[in-house]
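Trainee: Before I ask anything, let me first share the structure, which is written out below as structure tokens.
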Amino acid sequence: MEIQVSRSICDLIPGFSVGIIEYKDIQVGESPQMLKGRLQLFQESIYFDLLEKNVTELEGIKEWRRIFKTTGKDPNRYRHSAESLYRRIAKQNYLQPIHSAIDLNNFFSLEYQIPIGVYDSDKLIGTVSIKIGEEGEEYKGLNGRTNNLANLITSADEQGPFGSPFVDSERSAVTASTTNALQIVYLRPSTAPESMQKMTQSLMNMFTQIHGGTGTYRMIRC
């Protein structure tokens, strides 16, 4: 799948980087007990850490808030997905298992304090462009609302936007019938390139360990 990052993002955010992982012949289902247990224990650990600090003091959360502000989206009104997860945990509103792909996504998003999107690639058409959303662009999101994408970093195919580090669309959602998937890892520009690569490869390896199939990854960097 061809994936491009727009010049407008690179001009605003030097060092903007994403990890791209493509999976083939996977099986999505209930998460194994190992993943459920690790996710629950990690959330409890985060909750106790947040008793002593604010979510916005965390380096990864802070860096992605700055990115939203740079593209023109108010980070206090539009919180990136990793921050939203952390805020839930701070209220002891712990994430419940959904299915293996989403649960693993959430685990890594919490671990690295970054947004991560996972999409059913059979629902996508043509070249994918990671760009800044324009006025009038919107989609029905997994949060159950129609979301305004203006000034948000978005991923779009030939049918229009389908994902963002804010919330993803219903159209591209991974389900139990998904067999091929695309994962976009919204990395922190401040991270060293070698660490970015290791992080992306680690996510891919754990994903294929749980879901079977094959995975390939690459880095796209401004």
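Trainee: Given Cα positions, please report Rg to Rh for the stretch 80-125, the hydrodynamic radius being the Kirkwood one.
Mentor: Reported Rg/Rh (Cα atoms, Kirkwood Rh): 1.03.
Trainee: Report the Cα-based extents of the chain along its three principal axes, largest first, to the nearest Å.
Mentor: 41, 40, 37
Trainee: Here's another thing I want to ask about it. What does the net charge come to around Gln159 if you take all other residues with beta carbon closer than 11 Å to its beta carbon, with K and R at +1 and D and E at -1?
Mentor: Cβ neighbours under 11 Å give a net charge of 0.
Trainee: Nearest 20 debye, what's the magnitude of the dipole of the chain about its Cα centre given +1 on Lys and Arg Cβ and -1 on Asp and Glu Cβ?
Mentor: Charge dipole, the chain, about its Cα centre: 460 debye, nearest 20.
Trainee: Right, another one. Would you mind telling me which residue in Glu44, Glu52, Glu137 has the biggest mean-square fluctuation in a Gaussian network model of the chain, where springs connect alpha carbons within a distance under 10 angstrom?
Mentor: Glu52
Trainee: For the stretch 77-222, what is the accessible area per residue in Å², given a 1.4 Å probe and the full set of protein chains?
Mentor: Value returned for the stretch 77-222: 42 Å² of accessible area per residue.
Trainee: Towards the positive end of the charge dipole of the chain, with charges on Cβ (+1 Lys, Arg; -1 Asp, Glu), say which of Thr146, Thr175, Gln27 has the farthest Cα.
Mentor: Thr146
Trainee: Of the accessible area of the chain, with the probe set at 1.4 angstrom, what percent is carbon plus sulfur?
Mentor: 46 percent
Trainee: Could you list which residues have their amide H under 5 Å from that of Ser164, counting only those 5 or more apart in sequence or on another chain, with H placed in the peptide plane?
Mentor: Under 5 Å from the amide H of Ser164: Ser155, Ser169.
Trainee: Amide H of Val174: which non-local residues (sequence gap of 5 or more, or other chain) have their own amide H closer than 5 Å, using H built in the peptide plane?
Mentor: The answer is Asp120.
Trainee: Among Ile46, Tyr86, Pro75, whose Cα sits farthest toward the positive end of the charge dipole of the stretch 37-97 (+1 at Cβ of Lys/Arg, -1 at Cβ of Asp/Glu, about the Cα centre)?
Mentor: Pro75
Trainee: Rounded to the nearest Å, what's the spacing between the alpha carbon centres of the stretch 176-197 and the stretch 17-57? Just the number, please.
Mentor: If we compute the Cα centre of each part, the gap is 14 Å.
Trainee: For the full complex of protein chains and a 1.4 angstrom probe, list Glu30, Glu138 by accessible area with the highest value first.
Mentor: Ranked from most to least accessible, the order is Glu30, Glu138.
Trainee: Let me ask another. Measuring from a point 7 Å past the Cα of Ser45 along Cα-to-C-beta, which residues in the stretch 107-136 have an amide N at less than 17 Å?
Mentor: 107-114, by backbone N distance to the label point.
Trainee: Would you calculate, for the chain, the mean residue ellipticity at 222 nm contributed by helices, counting each DSSP H stretch of 4 or more residues as -39,500 (n - 2.57) and dividing by all residues, to the nearest 500?
Mentor: Dividing the helical sum by the residues of the chain leaves -11000 deg cm²/dmol.
The values are calculated or read from the model by the stated rules, or taken from the named source; none is laboratory data. In this text, all values refer to a predicted model and were calculated from it rather than measured experimentally. Note that each Cβ is placed from the backbone with ideal geometry, even for glycine, and that neighbours are counted across all protein chains shown. We work out accessible area using only protein heavy atoms, side chains counted, and drop any ligands, DNA or RNA first. Shrake-Rupley method; radii C 1.70, N 1.55, O 1.52, S 1.80 Å.
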